[in-house]
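Values in this text are rule-based calculations from the coordinates and carry no lab data. Since this is a predicted model, take the numbers as computed values, not measurements. Heads up, the Cβs are rebuilt from the backbone with ideal geometry, glycines too, and the neighbour counts pull from every protein chain shown.
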Amino acid sequence: MGSASSSPGRPAAAEEPEPEVAPLRSTVREGVKIVIVGGFGVGKTTMVRSVSEIRPLSTEEVMTEAGVGIDDVAGVRGKNTTTVAFDFGRISLDEHLVLYLFGAPGQERFWFLWDRLFAGTLGAVVLLDTRRVEDSWYAIDRLEHHNMPFVVARNNFGQPTHTLEEVRDALSLDPGVPLVDCDARRRESSRDVLITLVQHVYALSSAAYGAMAGAAS
Amino acid sequence: MSREAIDRETPDRLYTITGGRSRAHTDVFDLVTLVVAESEPTPGMQSEHTRILRMCRAPRAVVEISAALRLPISVTRILLCDLLDAGRITVRQPTRSAGAQESLGLPFAHPDVLKEVLVGLRQL
Ligand SMILES: Nc1nc2c(ncn2[C@@H]2O[C@H](COP(=O)(O)OP(=O)(O)O)[C@@H](O)[C@H]2O)c(=O)[nH]1
Ligand SMILES: [Mg+2]
């Protein structure tokens, strides 16, 4: 703990209102995470909000110019930093398990922080930006690079101008990767996207664990 | 506050809060690691430590703590390390996520936890 007292320039702890975010149940044992990746304005926060039990919160991670994150916070001083902001919501799944849902930008610098922030993620939803398909293509490339299972969801702002098959072609998407339409504003629709993702990962995972068990016997 | 203001302000503020410390084992704290306070704050404790102990009377995830403190994840991790080393908090780690399975050479979360997630989602 050291001898540090309150940081200068900040209100004393007693005066700071603590967050009004409802606490988790005391029985909760494990947190898991899912990431929604997509460009600005595709509907990430909308999707998080529609299924979360808390209003979406946001936070950030810092990167120094020199590289990723700040293991050595002392080294930050005097260097230029950039921040990557992301938001998140929460779903208590049962008395033991809580799911955190993250909305994260797909821009280049974000991927430098992937391991630090999102290692161990169950899976990802790529929220398709129909106006900038190449952004989604980049996100898909990065997720494959990180061995992260994912599904692609097209958030329908209006009447879609392409069929999903045309979209699949434009993305050169593997036939095994689910591609669905959704309305991020609707809770059931967003929930269904998450179910599609977890079913997909479950199939991959069962096969991998089954193969491992088979090899061991 | 504008984005630029945060970018400019960040380095010195972070330096002040952490006292320039860096910690080796901040990896304990995944974004969704659940933190539980094991003691009440004591007078004279650094204000961020006090706030963490208060907000973790019930379990709270690292990322929620970071959002409430309005501090970056890496700085929050350092503060949590202090409290863990001092025995003032305990943690509940993800155990069946993909990361936890890495020793098995499998990139996926365990089917059991995925099934549990599915059951929960279907009840929404
Ligand atoms: N019409 C329509 N608007 C949407 C939909 N999803 C999001 N929006 C709107 O699009 C804007 C950007 O959405 P937001 O969730 O903030 O995008 P983000 O930048 O990816 O987090 C907001 O004004 C939303 O209300 C949708 O499915 N249909
Ligand atoms: Mg947003």
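Some observations on this one:
- Relative exposure of A:Arg131, B:Arg60, judged by other C-beta atoms within 10 Å (fewest first): A:Arg131, B:Arg60
- Spin-label proximity, A:Val133 to the stretch A:166-200 - amide N less than 20 Å from point 7 Å beyond Cα toward beta carbon: A:166-182
- Computed from the C-beta positions of A:Ala85 and A:Phe157, the FRET efficiency with R₀ = 25 Å rounds to 0.60.
- The mean number of partner chain beta-carbon atoms within 10 angstrom of a residue's beta-carbon across peptide B:56-63 is 6.
- Legend: ranking of residues A:His162, A:His145 from fewest to most surrounding C-beta atoms inside 10 Å; resulting order A:His145, A:His162.
- Cα gyration tensor category, rounded, prolate or oblate, for the stretch A:149-217 with a/c compared to 1.5: oblate
- Restricting the chymotrypsin sites (Phe, Trp or Tyr not before Pro) of the stretch A:127-217 to loop positions (DSSP other than H, G, I, E, B) with no more than 16 neighbouring Cβ atoms within 10 Å leaves A:Phe157.
- Neighbourhood net charge (13 Å Cβ-Cβ; Lys/Arg +1, Asp/Glu -1) for A:Leu173: -4
- Segment A:Ala215..A:His96, full-extension length gain: 39.6 nm, with 0.36 nm per residue of separation and the alpha-carbon distance subtracted.
- For B:Lys115, A:Lys33, order by how many other beta-carbon atoms lie within 10 Å, fewest first: B:Lys115, A:Lys33
- Anisotropy class of the stretch A:81-191 from Cα gyration tensor, a/c 1.5 cut: oblate
- Within 10 Å of the Cβ of each residue in A:121-128, the mean number of Cβ atoms contributed by other protein chains is 3.
- Charge sum, other residues only, whose C-beta stays under 15 Å from A:Asp183's C-beta, Lys/Arg counted +1 and Asp/Glu -1: +4
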